[in-house]
Amino acid sequence: MFSNDAQKKKDVRTPRIAPEVWHNGRFIPWKEARIHVMSHVVHYGSSVFEGIRCYKTDRGPAIFRLREHIQRLLNSAKIYRMEHEWTLDELSDACVELVARSGLDQCYLRPIIFRSLDEEHPAFGVNPFPNPLSCYIGAWDWGKYLGDEALERGVDVCVSSWNRLTPNSLPALAKAGANYMNSQLIKMEALVNGFAEGIALDERGYVSEGSGENIFLVQGGRVITPPLSSSILPGITRDSVIQICRELGIAVEEAEIQRAALYLADELFFTGTAAEVTPIRSVDRIQIGAGKRGPITARIQQTFFEITSGQRAAPGNWLTYVGSRRSSTDKSLDEEAEAKEPVADYH
């Protein structure tokens, strides 16, 4: 009786889903992607994962900063002592092939590595080492995470009563499933109180991030974002926006942000794979700037979407075009063929 059910469910919709899932090196039907209820991950949250967007472009589907996302996945696994044999190339190729097989022209990719269960020799308890690792990659067309209208009109958010994780309790550098129990508390509190999202503070009281987004503040023409020391995930979209600002000649810096500075900002916006670049129009029912997307946010947002749609060159090699990308296996076969045959000179 204390919550708004429509608000709680507003970002829940039935998406188009890729009919196959990549699992430990092979493709299986979506409906067969199942785990045992006694798997370690179910009881102890022992997973690391990624969120990666694939955008529709004139050259076909293009995955945004694929290798950077997969490298972060591998880094997260290393932090949690998940020793495995999956490589950056193998997982990147799997993502490309999954999109190619999916029939989707745009989608959201979810690679995940977790501790499963050896059903013949089950092991229980907090100790994760006896449990085998599994890796899955799924894909679906998610759309705009905070709503289609949010990209232009902005969203209303609150400062959460829940703090972000302390770096020496659960490392924010790892994108781990267990971390998102904290995110769920932040998100649920915001939704039941009529907000689209919550902003968490770190253990010292400085601004950290949203439940699943990094945050940027614009003040006097400068763009400011909290540093890694504020218990934030090192966001790939966050890094992209920093590079975009530098390319556009917009002053950008990492600095600690006090809560009150949010209320006084000229502009605020979230960044993230799901949220992309989403303006914030109010915090704790205090209007930010003009109460709508500001000019600097609009400029960054426009540049970001021009890059992800393939209409503008990125500061780096950010797009992996699915139609033109070949797997490592295909490349090795070509190399073998070239070694056996004379190389023709084409102009």
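Say we look at the range 114-143 and pick out the residues that are assigned to a strand (DSSP E or B) and open to solvent by 20 Å² or more (accessible area, probe 1.4 Å); which of these is farthest from Phe27 (Cα to Cα)?
This residue is Asp141.
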Of all residues in the range 180-210 being free of Cβ contacts under 8 Å to residues at least 40 places away in the same chain and within 15 Å of the chain's Cα centre (by Cα), the one that is farthest from Gln258 (Cα to Cα): Tyr180
Which one of the conditions (1) modelled with pLDDT of 95 or more; (2) crowded, with 18+ Cβ neighbours inside 10 Å does Leu165 fail to meet, given that it meets all the rest? (1)
Are there any strands (runs of 3 or more DSSP E) wholly within the range 148-217 with 1 or more residues that are small (Gly, Ala, Ser), and if so which? 197-201, 207-210
Test each condition in (1) open to solvent by less than 60 Å² (accessible area, probe 1.4 Å); (2) out of contact with any helix residue (DSSP H, G or I) (no Cβ under 7 Å at 6 or more places or on another chain) for Gln219 and report the one that comes out false. (1)
For the subset of the range 1-28 comprising residues that are open to solvent by 50 Å² or more (accessible area, probe 1.4 Å) and in contact with a strand residue (DSSP E or B) (Cβ under 8 Å, 6 or more places away or on another chain), which member is modelled with the lowest pLDDT? Arg16
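I'm checking my understanding of the structure. Among residues of the range 41-77 that are of a type in the set (Lys, Arg) and outside any helix (DSSP H, G or I), which one is farthest from Leu233 (Cα to Cα)? So that I can check it myself, show each step before the final result.
First, the residues of the range 41-77 that are of a type in the set (Lys, Arg): 53, 56, 59, 65, 67, 72.
Filter once more, so that each one left must be outside any helix (DSSP H, G or I): 53, 56, 59, 65.
Numbers: Arg53: 17, Lys56: 26, Arg59: 31, Arg65: 16 Å.
Residue satisfying both the conditions and the ranking: Arg59.
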Taking the criterion of being within 25 Å of Ile232 (Cα to Cα), buried (at least 22 other Cβ atoms within 10 Å of the Cβ), modelled with pLDDT of 95 or more and of a type in the set (S, T, N, Q), would at least one residue in the range 93-105 satisfy it? no
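Name the residues in the range 221-260 that are of a type outside the set (Lys, Arg), part of a helix (DSSP H, G or I) and closer than 21 Å to Arg153 by Cα, would you?
We begin by selecting, within the range 221-260, every residue of a type outside the set (Lys, Arg); these are 221, 223-237, 239-245, 247-258, 260.
Restricting the remaining residues to those that are part of a helix (DSSP H, G or I) gives 228-230, 236-237, 239-245, 247-248, 260.
Listed by number, the residues that qualify are Thr237, Val241.
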Could you tell me whether the range 47-66 includes any residue that is farther than 22 Å from Thr320 by Cα, among the polar types (S, T, N, Q), more than 20 Å from the chain's Cα centre (by Cα) and open to solvent by less than 30 Å² (accessible area, probe 1.4 Å)? no
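The values are calculated or read from the model by the stated rules, or taken from the named source; none is laboratory data. These figures come from a predicted structure and were not determined experimentally. So basically every Cβ, Gly included, is an ideal-geometry build from the backbone, and we count neighbours across all protein chains shown. Quick note on the areas: whole protein, heavy atoms, side chains included, nothing else; ligands and nucleic acids left out. Shrake-Rupley method; radii C 1.70, N 1.55, O 1.52, S 1.80 Å.
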